[in-house]
Amino acid sequence: MGILTTYRLRLARKRWRIRAFRKRRELRPVVSRVVNIRPDDLLLVSTVRNEKVRLPWFLRYYRDLGINHFLFVDNDSDDGSREYLAEQADVSVWATSAGYKRSRFGVDWVNWLLMRYGHGHWTVVVDPDEFLVYPFCDTRPLRALTDWLDASSIRSFSAMMLDMYPKGPISQHPYREGQDPLEIANWFDSGNYTMTRNAAYGNLWIQGGPRARMFFTDNPERAPALNKIPLVKWDRDYAYVSSTHMLLPRGLNLVYDEWGGEKASGCLLHAKFIDTFTQKAQEELARKQHYANSHEYRAYQEGMAASPDFWCKWSEKYINWRQLEILGLMSKGNWA
């Protein structure tokens, strides 16, 4: 990479950090318990809107993994999400009614909270429908992974997003508050993925899976990106650029091995496709607060009109992380 490109990326990182600093004014503290954060705590940051039905299981799942403190941005919920989160002893909440799109789809708010509170901590950044699995997650807490990453001088950990879905139309599988959504959405595509390398940022760009084949059949290059870097040993000089798809400095994106080996990686089980999805898609399309004039949600609305079945003969039922490793969707690398 040339000197000019390096300089441009450095300027871009400075610009995103300044932007996040300015956007802090849009966040109003609802409940702040950040004084309880200890130097070695594992943190989770998330932006939510009207996710009350999902939050009980989401919190339980990540507490069980070992998250010590949660930092939420509530973007104008009216379903009780903010009030529910404010009652949780290990949660700090900020509220905002500012535009999601104008915050770069929440990235500015997340960057500010990470700059302010994440420095020196291993941080997880996920949405309320994303569940991190990693090698040995059934027997080892998240801290075991972060300790190994520290010992290996690795600062970031990637996870491919794996869209989960039920067998049969999602309307036939009602979801109740507090339920594990993977009890319903427990199938995934074991193949049908494409991968390219982003020359500027160095990250891998992954597309495919059920969203590509169901909603972007005629335009697969517009399908959502599935590459994520949700776990980072944060430094106040870092910045997410586009969701958790890529970061700056550029070296944080080099989460794969170019020399024939495999670096450890995980998956984000994306339980988006449950029976709440159709209403959520309609709401987000009406708000027009998503990327590229909400083209993704337009595709969802059109595709869901016929109550489709995501399941196909190549679908695989989720068992555990070892299954994902065998399928080549994640790797334990040299972590034994």
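The values are calculated or read from the model by the stated rules, or taken from the named source; none is laboratory data. Nothing here was measured: the structure is a model prediction, and the numbers come from that model. Cβ atoms come from the backbone with ideal geometry, glycine included; neighbour counts cover every protein chain shown. The area values use the complete protein model at the heavy-atom level, side chains included, leaving out ligands, DNA and RNA. Shrake-Rupley method; radii C 1.70, N 1.55, O 1.52, S 1.80 Å.
How much length is gained if the chain between R60 and R33 is pulled fully straight, taking 0.36 nm per residue apart and subtracting their Cα-Cα distance, in nm to one decimal?
Once the chain is fully extended between R60 and R33, it gains 7.9 nm.
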Taking the alpha-carbon centre of each part, the distance from segment 1-64 to segment 82-116 in Å is 8
Which Cα, out of I37, L59, V48, lies furthest along the positive dipole direction of segment 8-59 (beta carbon charges, K/R +1, D/E -1)?
-> V48
Over the chain: helical MRE at 222 nm, DSSP H runs n ≥ 4 each giving -39500 (n - 2.57), nearest 500 | -8000 deg cm²/dmol
Longest site-free stretch - the chain; sites: GluC sites (Glu not before Pro), DSSP loop, at most 16 other Cβ within 10 Å = 88-176
Treating only the Cβ atoms of Lys and Arg (+1) and Asp and Glu (-1) as charged, compute the dipole magnitude of the chain about its Cα centre; round to the nearest 20 debye.
-> 1480
What distance in nm separates the simple spin-label points at R236 and E83, each placed 7 Å from Cα in the Cβ direction?
-> 3.7
Over 29 Å between C-alpha atoms is what I'm after, so list which of K263/K313; K14/K101; K272/K332 land there.
-> K263/K313
Over segment 172-330, the quotient of the Cα radius of gyration and 2.2 N^0.38 Å is 1.13
One would report the antiparallel percent of DSSP beta bridges in the chain, rounded to the nearest 5, as 55
How much space per residue, in cubic angstrom, does the convex hull of the C-alpha atoms of segment 76-199 take up?
-> 207
Which of the listed residues, P135, Q172, S158, is farthest toward the dipole's positive end in segment 124-173, when Lys, Arg count +1 and Asp, Glu count -1 at the beta-carbon?
-> P135
Shape call, segment 228-280: gyration tensor on alpha carbons, a/c limit 1.5 = oblate
Binned Cα-Cα distances of the chain, short to long, each 20 Å bin given as a whole percent | 31, 63, 6
What part of the accessible area of segment 103-209, given as a whole %, is carbon or sulfur when the probe is 1.4 angstrom?
-> 51
